[in-house]
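Participant: One structure, pasted below without further comment.
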Amino acid sequence: MDFQVVILAGGFSSNLQPLVSKEVPKALLPVANRPVLSYVLDLLESSNLKDLIVVVEGEDAALKVGGWISSACVDRLHVEVAAVAENVGTAGALRAIAHHLTAKDILIVSGDIVSDVSPGAVAATHRRHDASVTAMLCAEPVSGPSESGVASGKDKTKKPACYDIIGLDSSKQFLLHIATGVEIKKDTRIKKSILRAAGKMEIRSDLMDSHIYAFKRSVLQKVLDQKPTFRSLKEDVLPYLVRTQLRSEVFPDEKTVEDNGKNNMQNNELVLSQILSNASLPSFHQVYESFLNSRKTHKCCVYIADESKYCVRLNSIQAYMDVNRDVIGDANHLSGYSFSAHHNIVHPSAELGSKTTVGPHCMLGEGSQVGDKCSVKRSVIGRHCRIGSNVKVVNSVVMDHATIGDGCSIQGSVICSNAQLQERVSLRDCQVEAGYVVYAGGEHKGETFARK
Amino acid sequence: MGAQKKGGARVSDDTEEQTRQRLQAILLADSFTTKFRPVTLERPKVLLPLANVPMIDYTLAWLESAGIEEVFVFCCAHSTQITDYLQTSSEQQSHPNLLVRTIESHRSISAGDALRYIYEQQTETSQIQGDFVLVSGDTVSNMPLADLIREHRERKKKDEKAIMTMVIKKSKPSPMTRQSRLGTDELFVAVDPVTKQLLHYEVDHVRGSVCLDKALMESNPSVMICNDMQDCYIDVCSPEVLSLFEDNFDYQHLRRDFFKGVLGDDIMGYKIFTHEIGSSYASRVDNFRSYDTVSKDIIQRWTYPYVPDVNFSGNRPLKVGRQGVYKASDVVQSRSADVGACSVVGYGTKIGNGGRVLNSVIGNGCCIGADVVIEGSYVWDNVVIEDGCEIRNAIVCDGVRIRAGAVLQPGVVLSFKVVVGRGFVVPAYSKVSLLQQPMKEDSDEELEYADSSSGTADRLSGLSLEMESKGSELGPDGVGYIWEVCEGAHDEEWKHSVAPIPEDKLAEIIQAMEDDDTEDEIVPRKSEELKSDVDSVNTDVNDPGDDYGYFEREVEGTFLRAVEEGIKVELGILEINSLRLSYNMESADCAGAIFYAMMKLAVDTPHSSLRELSENASSIIAKWKGLLGNYVKHTDEQIEVIMKFEEMCQETARELSPLFAQILQVLYDKEVVQEDAILRWAEEKAGADEADKVYLQQCEAFIQWLKEASEEEDEEEEED
């Protein structure tokens, strides 16, 4: 397939602080002891998409990500790592790497997605309709909205979680309306012109844009050139294309250029696309064009993932906890590990003390030691961690090389790598930055431990 | 009260009641509109013939075959004509299985009134026993009702609040014909795709977008907005509907008021559901265009079994020939005459040599001369058309006489017994009647009914005599008045007429569609760019600012209204206070907004020189200082006013900037702002950038004077 894949891997996202740090950019955050980026790469590889560009914000982060990629998967995939300036937004990042894009269609995937929806299916839908843009929609995650409303979580803001409002045509193939971010909180306004053209529109608030897009390269580049103020794909570029689909401003030039040489081929493609989409009836775009012959239209399509599919973006701490829980729990086929009969994974080299229990939906990494009379439930513990005796770890994530003293109790918290909890620390809904030391006996609730 | 009693009874023996409950319908034999004028001045709309059978017969025959046992026909306009007609048809046993009762009321001017009247009647005699079908007498349909009623009842059993099920039907697929086919306004409905509950109903062609409340989106994960539906005006209602109309005496229109009331009311929580029909036919004859459309549908047999060759209500069936030509057995047609496709010719009609009839309906007992062309027209009974006339896309009522060589241009409506003079050309879209156009167009009280029919007839005969003597607007030997198109309705004329939509109007529609599109485009894009420019943190902060913008506009509107209508200051204060509360604003905000409105008014008042502008401003300040003064009791608020003024001079109303000092002085003189405020403002500004100091410098002298004055005062005080 002539698809180029761009993975927007972000940088040191502020949403995820203190989880990310100078050592661990967002793309390398461990999910069930594997960097989150590896899930995306595996997913793409499973669709046979191997020509990838990973865009990372900031040189430092790019070096780190590049280092990991070259060690992990250089033999399987053709990956380029490109660094862009920080805080340019998703659209800005694409602008910066535009010269790398050569294929007819571009698949853009956010680097923080943990999912089993096939990107190949999105690409196929895109091709079948000869669409300008195809967005993948999935059901809202069960754990509640983890969508921060900010494109790939790069913009330096924290917003309350919110959903997307999405308008589909009656065949659920075309995207007619999209409202994201702050617009959600307003009344939904839908243009009558598009309703007239499409006849029906189904407005869904239970779907969300999962940040996997296929763009026609020419269209994408045109929009990025024409609208220098656009920062975000999700909030600017996509809504713009959806809004202008009946009065396209992204086509005319391109048509004339391509018409010269490829006229025949285009016709063929058109016929082919009609056959493929089973279109005995022309799509409403064509009907509309035939009425207003001065108009050009472009198609905005959607691929709606099956409800049983898993798709979560790791763009908040809550989402990080959810993803870790799901990957070793309900969605364990994603982890790539084989689970024991107790629905957990305990690495053979891990040492467990006497009377220590590791419940189902748990993971214990290589070389970790757990003392006596401990209890681990629904948690991920990284490699080479040292956990004392009488420790309770529930619904938490403990990253590699962390040290937890005797008698600690950890619930709903994230302990980053090399962090140290001294004796009898009790944490509830806390985050501990990498290398931080929490002193003995403290009882904390909902706190963030980080060096300022 | 009656409804409640019945509700109690139903709980006790539910199933039994259901089985013996009679299927009842209310048929509104009056549409409470004036769309069919002038024809409806002389005959009620439901008795107008559709393919030579009165409309009401289609409705009654359908209700009968759909299993309705009892129908209440509500008559208002020309009620005697309707009751007489129903009387004779019941004598003829045309609807043997249907008990037709008539309810007459002359005071009703809307469907709401009609239902209220029925409700009042009902409590006396307990006529409506349960769920009923509400239709208007101009409905043509062949849909089965039994399933619909069952569906409604089952839903009602589960959910007490589901009081109504309305029937919708998919309209033709093209975006163009969708709005023009039936001549009605565009309809936008929002429906829950699973439960089919109606969530939003909008018939509005002004705004460019449909607005769904955010609460609606929050409570429904999925909403289907349809533009390709037509409302059939067939509703299955529970008795609560009648009592709702009784409770809300301001409900007039079934859709405009009732739906709006029910959908907008969260407290009662009543729900309306939709039922989409697929294969069967249902449509309402609402205006001349739908008259044309429905007639054609009947001829093309979409409404089977209600077609001209079937006796469905005592009508004499016609013989159907090829190409949809229906002809009575005794039609006398000259050999050279040609009756083309999709035409109906009634009993006792004669067509002369060389006549051509195409896509038209010709009634009973007509006499059509030689070389007459009739295309796409509706000629009712006993019409005489003399040689060589041309009739295109017109409606010609009973007893009309069209003299030789006359031409009817598209869209003409000739009411009863009009005579068109020899060789006269009736201009397109004109409506001609023997009755003069009513002078007073009371659009609210759309009265279809004239006086009793006999009175009308008397007046008519006298009138026609008088007319004949003095000649008429329809040529020397014609009789009748050509009605003037009233303003506003002019644009609608082509939309509602039987004539096909002219090319230029089609082009206009397309243009309008494009314009629509572009207009909308501007608004979101603006906000878009704003949004992407400012950091998203700012958008949150901006929100109150936005609110303030609205508030400012509201205050401005209130103020202008106060000025125009000469509202007293106290009342103005009341209104602005209520705005302030609803927008949660400080009184400083109010002061700023009012001052802004005042200055804007000054600028907007025509003026030729700066002096005039300054006079305007001072007079406005003098007049409304009471209003402004209410909000500037503290120094802070006064400073706010000055700052606002400064801002205006810089941004919105640059004209004022040379007058800054003058107007400030006026404000001081009128005691709107006090010297403390001015001095403090000056102090604050002293530290600002040079650019910001323009106005400070302008009023330096004034401030100097203020300072000296206050020092003097101080000195005086010291001396004391």
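The values are calculated or read from the model by the stated rules, or taken from the named source; none is laboratory data. Quick caveat: nothing in here was measured; it's all calculated off a predicted structure. Using ideal geometry, Cβ is built from the backbone for each residue, glycine included, and neighbour counts are taken over all protein chains shown.
Participant: Among the residues of segment B:18-37, what is the count of those that are modelled with pLDDT under 85 and touching a Cys at 6+ places or on another chain (Cβ under 6 Å)?
Facilitator: Looking only at that region, the number is 1.
Participant: Looking at segment A:184-231, which of its residues are more than 7 Å from every other protein chain (Cβ to nearest Cβ) and part of a loop (DSSP other than H, G, I, E, B)?
Facilitator: Once the filter is applied, which keeps residues that are more than 7 Å from every other protein chain (Cβ to nearest Cβ) and part of a loop (DSSP other than H, G, I, E, B), segment A:184-231 yields A:K227, A:P228.
Participant: Given the conditions (1) in contact (Cβ under 8 Å) with a residue 24 or more places away in the chain; (2) surrounded by fewer than 21 Cβ atoms within 10 Å (Cβ to Cβ), which single one is not true for A:Y439?
Facilitator: (1)
Participant: Need at least 1 residues that are among the polar types (S, T, N, Q), modelled with pLDDT of 75 or more and more than 48 Å from the chain's Cα centre (by Cα) per element, so show me which helices (runs of 4 or more DSSP H) inside segment B:627-720 make the cut, counting only ones lying wholly within it.
Facilitator: Values: elements: B:635-650, B:660-669, B:675-686, B:694-698, B:700-719.
The helices (runs of 4 or more DSSP H) meeting that bar are B:635-650, B:660-669, B:694-698, B:700-719.
Participant: If you don't mind, another one. Among the residues of segment A:316-337, write down those that are of a type in the set (F, W, Y) and surrounded by fewer than 22 Cβ atoms within 10 Å (Cβ to Cβ). Outline the logic, then answer.
Facilitator: Within segment A:316-337, the first condition is being of a type in the set (F, W, Y), and the residues that meet it are A:320, A:337.
Within segment A:316-337, A:Y337 is the sole residue that qualifies.
Participant: Just give me the residues in segment B:257-304 being charged (D, E, K, R) and at negative phi, in sequence order. Give the steps one after another, and end with the answer.
Facilitator: So in segment B:257-304, the residues charged (D, E, K, R) come out as B:257, B:260, B:265-266, B:271, B:276, B:284, B:286, B:289, B:292, B:296-297, B:301.
Residues satisfying the conditions are B:D257, B:K260, B:D265, B:D266, B:K271, B:E276, B:R284, B:D286, B:R289, B:D292, B:K296, B:D297.
Participant: Can you tell me which condition A:T357 does not meet? The list is (1) surrounded by fewer than 19 Cβ atoms within 10 Å (Cβ to Cβ); (2) closer than 24 Å to A:V36 by Cα; (3) β-branched (V, I, T), and all the others hold.
Facilitator: The one condition A:T357 does not meet is (2).
Participant: So if I check each of A:A82, A:A62, which one is at pLDDT 85 or above, more than 22 Å from A:E366 (Cα to Cα) and part of a helix (DSSP H, G or I)?
Facilitator: Numbers: A:A82 fails: part of a helix (DSSP H, G or I).
Selected residue: A:A62, the only one of A:A82, A:A62 that is at pLDDT 85 or above, more than 22 Å from A:E366 (Cα to Cα) and part of a helix (DSSP H, G or I).
Participant: Condition (residue is away from chain A (no Cβ under 14 Å), in contact with a Lys or Arg (Cβ under 7 Å, 6 or more places away or on another chain) and either among the β-branched types (V, I, T) or not in a helix (DSSP H, G or I) (or both)) applied to segment B:256-269: is it met by at least one residue?
Facilitator: yes
Participant: Hey, another quick one. Residues in segment B:217-264 that are more than 19 Å from the chain's Cα centre (by Cα), crowded, with 18+ Cβ neighbours inside 10 Å and farther than 30 Å from B:I109 by Cα: how many?
Facilitator: Count: 5.
Participant: Right, here's the next one. Mind checking which residues of segment A:329-350 are hydrophobic (A, V, I, L, M, F, W, C), part of a loop (DSSP other than H, G, I, E, B) and in contact (Cβ under 8 Å) with a residue 40 or more places away in the chain?
Facilitator: From segment A:329-350, those hydrophobic (A, V, I, L, M, F, W, C) are A:331, A:334, A:339, A:341, A:345-346, A:350; that's our starting set.
With part of a loop (DSSP other than H, G, I, E, B) added as a condition, the list becomes A:331, A:339, A:341, A:350.
Matches in segment A:329-350: A:A331 only.
Participant: Right, next: Do you know which of the residues in segment A:88-140 that are of a type in the set (D, E, K, R) and outside any strand (DSSP E or B) is nearest to A:Y240 (Cα to Cα)? Spell out the reasoning first.
Facilitator: Going residue by residue through segment A:88-140, those that are of a type in the set (D, E, K, R) are A:95, A:104-105, A:112, A:116, A:127-128, A:130, A:140.
With outside any strand (DSSP E or B) added as a condition, the list becomes A:95, A:104, A:112, A:116, A:127-128, A:130, A:140.
On the way: A:R95: 16, A:K104: 21, A:D112: 24, A:D116: 28, A:R127: 21, A:R128: 22, A:D130: 18, A:E140: 23 Å.
Checked segment A:88-140; the qualifying residue nearest to A:Y240 (Cα to Cα) is A:R95.
Participant: Also: Can you tell me which condition A:S340 does not meet? The list is (1) buried (at least 16 other Cβ atoms within 10 Å of the Cβ); (2) modelled with pLDDT under 85; (3) polar (S, T, N, Q), and all the others hold.
Facilitator: With (1) buried (at least 16 other Cβ atoms within 10 Å of the Cβ); (2) modelled with pLDDT under 85; (3) polar (S, T, N, Q) applied to A:S340, the lone miss is (1).
Participant: Here is a follow-up. Is it the case that segment A:109-116 has a residue that's of a type in the set (D, E), within 26 Å of A:G329 (Cα to Cα) and touching a Ser or Thr at 6+ places or on another chain (Cβ under 8 Å)? Let's see the steps before the verdict.
Facilitator: Quick first cut of segment A:109-116, residues of a type in the set (D, E) only: A:112, A:116.
Narrowing the set further to residues that are within 26 Å of A:G329 (Cα to Cα) leaves A:112, A:116.
If we keep only those that are touching a Ser or Thr at 6+ places or on another chain (Cβ under 8 Å) too, we end up with A:112.
Checked against the condition, which is being of a type in the set (D, E), within 26 Å of A:G329 (Cα to Cα) and touching a Ser or Thr at 6+ places or on another chain (Cβ under 8 Å), segment A:109-116 yields at least one hit.
Participant: Check B:Y548 against each of (1) modelled with pLDDT under 50; (2) surrounded by 14 or more Cβ atoms within 10 Å (Cβ to Cβ); (3) over 32 Å from the mean Cα position of the chain (by Cα) and name the one condition it does not meet.
Facilitator: If we test B:Y548 against (1) modelled with pLDDT under 50; (2) surrounded by 14 or more Cβ atoms within 10 Å (Cβ to Cβ); (3) over 32 Å from the mean Cα position of the chain (by Cα), just (1) comes out false.
Participant: Sort out which residues of segment A:398-432 are polar (S, T, N, Q), assigned to a strand (DSSP E or B) and buried (at least 24 other Cβ atoms within 10 Å of the Cβ), and write them in order of number.
Facilitator: Passing the criteria: only A:Q431.
Participant: Return only the number of the condition from (1) among the aliphatic types (A, V, I, L, M); (2) part of a loop (DSSP other than H, G, I, E, B); (3) not assigned by TED's automatic domain parsing to the domain that holds B:I351 that B:V307 does not satisfy.
Facilitator: Unmet for B:V307, out of (1) among the aliphatic types (A, V, I, L, M); (2) part of a loop (DSSP other than H, G, I, E, B); (3) not assigned by TED's automatic domain parsing to the domain that holds B:I351: (3).
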